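Following: one structure in structure tokens, then a few remarks.
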Amino acid sequence: MKEENFFETMYQNANDDLSSIPWAAMSPNIHLVEYLEEVEDVKGKRALVIGCGLGDDAVALAEKGYETDAIDISSTAIEMAKKRFGESGVHFSMQDIFALPEDFNEAYDFVYEGLTIQSLPREQRTLVVDIISGLVTKGGKLFVYAHGQDDEDDYGGPPWPLYSHEFDLFLSKGFKAVYSRQEEERKPVAPHVCCV
């Protein structure tokens, strides 16, 4: 897969200079952290991070108390995450979102998707939303973080910012938006946060 080669190459070329990876913040997403501050008892609940990269978001979930799995298509990213957070209790594994094991289906109480959908070609968007939605157990939550654009705009890509109707694809799967925020100061391509 083309995307696999791109991400794998980026991580391989970084070597030990992790700051050279453009999307690697080396800290968990601030919106995820804020959300987790409001979450109470998660004992026995399972969480999944999609496109975990270097592992920071997954560790934030594990520290909150979730039994956490974290996946990425790059085997090098997974090895880097294990090296950084080998004692965190997070189960890191190399997985292709389009070929996940069946036991992932409806297995997670909390799924975090940060900047992964927007990195994939637009023609795959509906399929990816279907797959991600199918990972959440009944009554579970999905946290989506992505850059968005107004419906009349086209900023190109990659990455390809999501239109509002593309965020709404999750709502069409039966989720309800319980938390939604747009960072106006980062316009025209603004981060959107939606927990459903």
D (Stokes-Einstein, µm²/s), Kirkwood Cα radius, the chain, 0.890 mPa s at 25 °C: 144
Size of charge dipole - the chain - debye, nearest 20, with Cβ of Lys, Arg +1 and Asp, Glu -1, no other charges: 320
Could you list Ile50, Ile97, Ile21, Ile30 so that the one with the fewest beta carbons within 10 Å of its beta carbon is first and the one with the most is last? Ile30, Ile21, Ile97, Ile50
P(r) for the range 61-154, please, calculated from all Cα pair distances in 5 Å bins and given in %. 2, 11, 19, 24, 21, 12, 6, 3, 1, 0
The range 31-79, Cα convex hull volume normalised per residue, Å³: 64
Across the range 93-109, in residue order, what do the Karplus-derived ³J(HN,Hα) couplings come to in whole Hz, using 6.51 cos²θ - 1.76 cosθ + 1.60 with θ = phi - 60° and x for Gly and Pro? 8, 7, 9, 9, 4, 8, 9, 6, x, 4, 6, 7, 5, 6, 9, 10, 6
Out of Gly140, Val128, Pro159 - ranked by how far each Cα lies towards the positive end of the dipole of the range 92-159, with unit charges on the beta-carbon of charged residues - the top one is Gly140
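Before anything else, pin down the relative contact order of the range 42-169: Cα pairs under 8 Å, at least 6 apart, normalised by residue count, whole percent.
Across the range 42-169, relative contact order equals 22 percent.
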GNM of the chain, Cα pairs under 10 angstrom: of Gly55, Gly174, Gly114, the biggest fluctuation goes to Gly174
Determine Rg/Rh for the range 6-65; Rg is computed over alpha-carbon atoms and Rh is the Kirkwood hydrodynamic estimate from the same atoms. 1.06
Out of Glu38, Glu67, Glu113, a Gaussian network model of the chain with alpha-carbon springs under 10 Å gives the largest mean-square fluctuation to Glu38
Fluctuation leader among Gly51, Gly139, Gly148 - the chain, Gaussian network, Cα springs under 10 angstrom: Gly139
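Any read-out appearing in this document is the output of simple, stated calculations on the displayed coordinates, not a laboratory observation. No experiment lies behind these values; they were computed from the predicted model shown. Here Cβ is always computed from backbone atoms with ideal geometry, including for glycine, and neighbour counts include all displayed protein chains.
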